[in-house]
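Notes follow the structure.
The values are calculated or read from the model by the stated rules, or taken from the named source; none is laboratory data. The shown structure was predicted, so the numbers you read here are calculated from the model rather than taken from an experiment. Every residue, glycine among them, receives a Cβ derived from its backbone with ideal geometry; neighbour counts consider all protein chains shown. Side chains are part of the model used for accessible areas, which takes the heavy atoms of the whole protein and leaves out ligands, DNA and RNA. Shrake-Rupley method; radii C 1.70, N 1.55, O 1.52, S 1.80 Å.
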Amino acid sequence: MTVSDPNDDVERELFAAGKRYVIGVDEVGRGAVAGPVAVGMAVVAESCCGSHPTGLRDSKLLSQKRREELEPLLRKWVLFGAVGMADAHEVDELGITHCLGLAGKRALQALHTQGADVSSSVILLDGNHDWLNPVLASPLDVRTRIKADRDCVSVAAASVLAKVHRDSMMIAQDAVMPGYGWSGNKGYGSGEHLDAIRTLGMTDFHRKSWLVSYA
C-alpha cells in the first residue's frame, strides 16, 4: 500500500470558509487493555499552513524514535497543543466511548488554560463518529473525517503528541510494575502481556472489564 504524507488542504478549505482556527484531534490507546486512553489536540491557524515539520505522518506510521524527534518540533509549530486522558478505572466505569469524550474534554480544558480560543475553532476529528460533543456543556463545531490522521496535518500532529505522551507514561509505569512488558507493548494485548496477566494477575492499571476471562 502506498503511504502518502498528510497535507493542509482540508485546513486551508476551512480557513477559506471563514474559520479562524482548526483543532486537529486524534486518540491513542483506545484498544489497549491497560493504561489510559489519550486524546491529543493540535491548534493551527492559517499562518501555520505550509510550514509543518518535514516527515510528519500519522503516529502509527512512524517509529518511536521518529515520533520522539518530531514531538518538540510539533510543539513549536502548533499554536497550542494538549493531551487529555481517561484512566483504566474510568474506562471500566464509564465505557470507552464516553472516556474518549472525557479525555477530549480535558484536552480542551488544557488548551483553554493555555489561551486557545476554543469556541472560535473548528474541530477536525479523526473517524466517522463525534464522541466529543456528547460530554460538553456547550456544543462545538466538530467535523469528522475518516483517515484524517493520515491525510490532515493538524490531526497527524495531534496523533504524534498523544502517542508520545501516552507511551512515555507506559514506559514509566513499566518500571513501577515490572513484568508486563509495558515499555514494549504500551498496554496492548500482546502475547507477552497476556501471559504476564495469567502469571502475575491484573493491576489497577488494567482495564479489568476488558479482561474478565483472565480474572
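Worth pointing out:
- From the list Leu14, Leu56, the one residue that fits, being part of a helix (DSSP H, G or I), in contact (Cβ under 8 Å) with a residue 60 or more places away in the chain and either small (Gly, Ala, Ser) or open to solvent by less than 60 Å² (accessible area, probe 1.4 Å) (or both), is Leu14.
- Within the range 167-186, the set of residues being within 20 Å of the chain's Cα centre (by Cα), open to solvent by 30 Å² or more (accessible area, probe 1.4 Å) and either modelled with pLDDT under 95 or not aliphatic (A, V, I, L, M) (or both) comprises Ser168, Gln173, Ser183, Gly184.
- Residue count for the range 187-215, restricted to those that are exposed (fewer than 13 other Cβ atoms within 10 Å of the Cβ), part of a loop (DSSP other than H, G, I, E, B) and of a type in the set (Ser, Thr, Tyr): 0.
- Some residue of the range 23-40 being within 21 Å of Ser183 (Cα to Cα), within 19 Å of the chain's Cα centre (by Cα), part of a loop (DSSP other than H, G, I, E, B) and free of Cβ contacts under 8 Å to residues at least 60 places away in the same chain: no
- Residue among Ser168, Ser121, Ser190, Ser154 that is within 28 Å of Asp5 (Cβ to Cβ), among the small types (Gly, Ala, Ser) and in contact with a Gly (Cβ under 8 Å, 6 or more places away or on another chain): Ser154
- Those helices (runs of 4 or more DSSP H) lying entirely in the range 136-186 with at least 2 residues without any contact (Cβ under 8 Å) to a residue 40 or more places away in the chain and farther than 25 Å from Val22 by Cβ: 153-176, 182-185
- Candidate set from the range 137-148 (those that are touching an Asp or Glu at 6+ places or on another chain (Cβ under 8 Å) and either among the basic types (Lys, Arg) or modelled with pLDDT under 95 (or both)); member that is surrounded by the fewest Cβ atoms within 10 Å (Cβ to Cβ): Lys147
- Whichever residue in the range 73-100 is without any contact (Cβ under 8 Å) to a residue 40 or more places away in the chain and open to solvent by 60 Å² or more (accessible area, probe 1.4 Å) and, among such residues, is farthest from Leu14 (Cα to Cα): Glu93
- Within the range 9-53, tally of residues that are among the hydroxyl-bearing types (Ser, Thr, Tyr) and modelled with pLDDT of 95 or more: 1
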